[in-house]
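Remarks on the structure that follows.
The values are calculated or read from the model by the stated rules, or taken from the named source; none is laboratory data. Fair warning: this is a prediction, and the values are worked out from it, not measured in the lab. Don't worry about glycine lacking a Cβ; one is built from the backbone with ideal geometry, like all the others, and counts go over all protein chains shown.
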Amino acid sequence: MEEIIIATKNSGKAREFERIFNAKGAKVKTLLDFPDMEDVEETGSTFEENAKIKAETISKKLNKMVIADDSGLEVDALEGRPGVYSARYAGPSKNDEDNIDKVLEELTGVPENERTARFRCVLAIAQPGKETVTFAGSCEGQILTERRGTNGFGYDPIFFVTEKGKAMAELLPEEKNKISHRANAIQKLEENFAFDFGGEA
């Protein structure tokens, strides 16, 4: 069975990819299966650059197809921040609660109609001897003034999904996986990328 490496240590992300690739006759592994693999330094200034850096670096080391994603929150009133720094916005500890607190503090006094934001995700697929390709997805919403819900991770408790009338963290996993930024990017990948192994293209 063909292997695809997902460049993540996040089990939640891994499950989203497994749903797709298991049906295509491929086995998904993550960086948790390679404990000796060093973290790739994300030196890019955009989600696309970081996703490509991760995918290409690990693909070269393992000589296998690798899919990497870089994603985060863009808040219009903060000129697009936290952006590529979403995971470490409040510091290198990558603490979700501290990150949320910092965003809420920076938006103190900003009226509801100016709290527009989006989650953005870019997937990069790197293969030995082939050019890296990318697919992007986004999910529009607004930043709440306080946390709501207990599902999800990251900024989900303060991200209000307008089309659902709920915070992202109030959605069930199956609901989130239909409308999230990562779901949108994965859907584009499914529709536009032809895989060279068993199962469907």
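So here's what we get for this one:
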quantity	calculated
Every residue from segment 141-174 that is crowded, with 16+ Cβ neighbours inside 10 Å, among the hydrophobic types (A, V, I, L, M, F, W, C) and assigned to a loop (DSSP other than H, G, I, E, B)	LEU144, LEU171
Matching residues in segment 1-59 - criterion: being under 18 Å from ASN177 (Cβ atoms), modelled with pLDDT under 85 and not aliphatic (A, V, I, L, M)	ASN10, SER11, GLY12, LYS13, ARG15, GLU16, PHE17, GLU18, ARG19, PHE21, ASN22, LYS24
Every residue from segment 61-93 that is basic (Lys, Arg) and modelled with pLDDT of 95 or more	ARG81
Unmet requirement for GLY198, which otherwise passes all of (1) at pLDDT 85 or above; (2) in a loop (DSSP other than H, G, I, E, B)	(1)
Single unsatisfied condition, ALA26 versus (1) closer than 12 Å to ALA124 by Cβ; (2) over 19 Å from the mean Cα position of the chain (by Cα)	(1)
All positions within segment 175-195 that are in a helix (DSSP H, G or I), among the polar types (S, T, N, Q) and modelled with pLDDT of 90 or more	ASN184
Members of segment 24-54 found to be within 19 Å of SER86 (Cβ to Cβ), without any contact (Cβ under 8 Å) to a residue 24 or more places away in the chain and among the aliphatic types (A, V, I, L, M), listed by number	ILE53
Cross-chain or 6+ apart pairs with Cβ under 8 Å, segment 1-23 first and basic (Lys, Arg), then in a helix (DSSP H, G or I) and surrounded by fewer than 18 Cβ atoms within 10 Å (Cβ to Cβ)	LYS9/LEU32
Within segment 1-99, strands (runs of 3 or more DSSP E) holding 1 or more residues that are of a type in the set (D, E, K, R) and more than 30 Å from VAL110 (Cβ to Cβ)	2-6, 26-30
Among (1) touching a residue at least 60 places away in the same chain (Cβ under 8 Å); (2) surrounded by fewer than 16 Cβ atoms within 10 Å (Cβ to Cβ) - the single one ALA124 does not satisfy	(2)
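Quick grid of which residues meet (1) within 28 Å of LEU144 (Cα to Cα); (2) crowded, with 17+ Cβ neighbours inside 10 Å:
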position	(1), (2)
THR43	no, no
ILE53	no, yes
GLU56	no, yes
VAL66	no, yes
ASP69	yes, yes
GLY72	yes, yes
SER86	yes, yes
